[in-house]
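Everything on this sheet refers to the single structure shown next.
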Amino acid sequence: MTRLARLSCAAALLFGLAAPALAQKQGGTLRVTHRDNPPSASIVEEATISTDMPFMSVFNNLVVFDPQSPVNRLDKIVPDLATSWTWSDDDRTLTFQLRDGVKWHDGKPFTSADVKCTWDMVTGKTSGKLRKNPRKTWWFNIKDIATDGDNKVIFHLHDPQPSIMAMFASGFAPVYPCHVPGNEMRTRPIGTGPFMFAELKQNESMRVVRNPNYWKPGKPYLDAIEYTIIPNRATAVLALVAGKFDMSFTAELTPELVKSVKEQAPLLQCVLQPTNTQGNLLVNRERPPFDNPQIRKAMMLAIDRKAFSEILSRGVYPVGGANMPPPEGFWGWSKDFMETVPGYGADVEKSREEGRKIMRALGYGPDNMLPLKVSTRNIQDYRDASVVLIDHLKTVYIQAELEPLDTSVWYARLLRKDYSVGMNVQGTGTDDPDVQFFENYLCGSERNYTSYCNADLEKKFHQQSQMKDIDARRKLVWEIDKQLQEDGARPVIYFGVAGTCWWPRVHGINIARNTIYNHWRFEDVWLDQ
């Protein structure tokens, strides 16, 4: 069975079969495995599902992607803290009408001032609350924000930007309270969401509990959600299969592990989904000798993308550019277009010989290998991909060793550009070129880990952002993406496909086919126990 067929079967099981209607039951604690320590509990400051999944339930957004839709898309956005929104005739003013009577977990009222404070903070207009601001570049187009009473907020944009609503709907775009200091949001976050923060024990667990005053009457159904940190994936799987947990951490199970889990526990419900995460090569172009573009090119030429997919997933992982490949991805290259991009051809040995020729001209060879460390995050997905990368680099006279780093250290090192070469597994949360280009490739972006900068290409970033014609925008997006890969901005190697499993006693889990980041509010989840 092909990768697409397998995914189609999983999608049919998840989205196409009507389950018998059951009455939701109140109570119970959902027990979920977790893979590592979250860097903090502050979603707007972090760039990992390790924070997003356990703490998204603490917050609300202005709007969200419809949790009942199998795909996150612009025409499937529904109200959350905003009850409605309108655009001005010139598409440069976006007005949200806000919900009345909502309270923060500490009892203070939610108002338009909180919305303005949040986006003044994440756009960089105010400082002091955030230590990190990884998605500041998402909001490049916001000119200013105004309020009209407690229940109306107006965003003035520099230019039309149809996709900004997708960013407002992202799990990485919660509304924060004006009155709570940043250090508290990192350790004891306060939101308006269905669950309230209870505790975070480093290297052990985290817990959220039911918000009895949630603005949606009768919700949530669960009393609490507990996440237990189990760094060893095999141990976590054994505990899940044994019934000690209700649900696995999202997208933590490889395709082969999903198959194994189903063989061991046929009653477990498992969904294999494209994650909108990508494995990419990070090369610090500011640190010698990698400031030499020829060395960077040789490294790119060593990569066999098909081999990565075969080794890590037995061919399930698709290959693409910066944007998620179709059919799940809306903006990714077609197969025919991808074959026109250097480095994506079938003749890997020809590419590697070109890489060896470059390295020999620089004085390297089988008896004089270039030594380096490949830094990566110390979780299994990252380590496994790094081992494959190290093997490939040997083919162009590069001798590398693995440097695994704790999650908090890994992200801190990336932000400081304190690395030479890294193997990264990264997601942007939303399938949209504005998110991808401005977050990861804009000059000076906090998440532009390789310090790539192309001012001429950035003009095209802005050009595609304003386009309403989808086909014309896609054509330009493909050309931008092609240049990013040709420039070695951040060579994309593969896109992830992974599984999430839960026991039949868990109801109300809704997972999208094109992201793992935006559906962890848990307000509709209940336990049949």
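Nearest 10 degrees is fine. How inclined is helix 470-486 to the longest principal axis of the chain, computing both from alpha carbons?
Taking Cα atoms only, the helix is inclined about 50 degrees.
Which Rg and Dmax, in Å, describe the Cα atoms of the stretch 467-508?
18.3, 50
So between residue 106 and residue 346, what do we pick up on full extension, going 0.36 nm a residue minus the alpha carbon distance?
Full-extension gain reported as 80.5 nm.
Output the 0 to 90 degree angle, nearest 10, between the alpha-carbon long axis of helix 380-393 and the longest principal axis computed from the alpha carbons of the chain.
Taking the Cα atoms of the chain, the angle to 380-393 is about 20 degrees.
Beyond 22 Å, what share of the Cα-Cα pairs of the stretch 277-494 remains, rounded to the nearest whole percent?
49 percent
For the pair residue 378/residue 354, report the inter-label distance in nm, with labels modelled 7 Å from Cα in the Cβ direction.
3.9 nm
Give me 503, 410, 104 ranked fewest to most by other Cβ atoms within 10 Å of their Cβ, as a rough exposure proxy.
Lowest to highest Cβ neighbour count: 503, 104, 410.
Extending each Cα 7 Å along its Cβ direction at residue 462 and residue 22, get the distance between those two points in nm, one decimal.
If labels sit at residue 462 and residue 22, their model points lie 5.4 nm apart.
Could you please state, rounded to a whole Å, how far the C-alpha centre of the stretch 77-146 is from the C-alpha centre of the stretch 269-297?
After rounding, the separation between the Cα centres reads 32 Å.
Expressed as a whole percent, how much of the Cα-Cα distance distribution for the chain exceeds 39 Å?
24 percent
Based on DSSP H runs of at least 4 residues, each adding -39500 (n - 2.57), what is the mean residue ellipticity at 222 nm of the chain after dividing by all its residues, to the nearest 500 deg cm²/dmol?
That comes out to -8500 deg cm²/dmol.
Work out the FRET efficiency for residue 203 and residue 412 from their Cβ-Cβ distance, taking R0 = 25 Å, and round it to the nearest 0.05.
0.90
Using only Cα atoms and rounding to the nearest 10 degrees, what angle (0 to 90) does helix 255-264 make with the longest principal axis of the chain?
It is inclined by approximately 60 degrees.
Among 122, 78, which comes first, second and so on when ranked by fewest other beta-carbon atoms within 10 Å?
78, 122
For a quick check: sort 387, 396 by the number of other beta carbons within 10 angstrom, fewest at the front.
Listing 387, 396 from fewest to most nearby Cβ atoms yields 387, 396.
Taking a spot 7 Å from the Cα of residue 256 along the direction of its beta carbon, which residues of the stretch 308-335 have an amide N less than 18 Å from it?
So the set is 308-318.
Jot down the radius of gyration and Dmax of the stretch 279-338, Cα atoms only, both in angstrom.
According to the Cα coordinates of the stretch 279-338, Rg and Dmax are 14.1, 40 Å.
Taking a threshold of 19 Å on the Cα-Cα distance, which of the pairs 116/136; 116/143; 76/125 fall above it?
In this structure, 76/125 exceed 19 Å between Cα atoms.
Starting from the Cα of residue 152, draw a straight line to each of the aspartates and glutamates and keep only those under 12 Å, dropping any in the same chain fewer than 8 residues away.
Here the aspartates and glutamates satisfying the reach criterion relative to residue 152 are 100, 114.
Would you kindly calculate the translational diffusion coefficient of the stretch 390-529, applying Stokes-Einstein with the Kirkwood radius from alpha carbon pairs, for 25 °C and a viscosity of 0.890 mPa s, and quote it in µm² s⁻¹ without decimals?
134 µm²/s
Calculate, for residue 184 and residue 469, the FRET efficiency according to 1/(1 + (r/R0)^6) with r their C-beta to C-beta distance and R0 51 Å; round to the nearest 0.05.
About 0.65, to the nearest 0.05.
Coordinate-derived values only; no laboratory data. Small disclaimer: the values here were computed from a predicted structure and weren't measured. We place every Cβ from the backbone using ideal geometry, glycine too, and count neighbours over all the protein chains shown.
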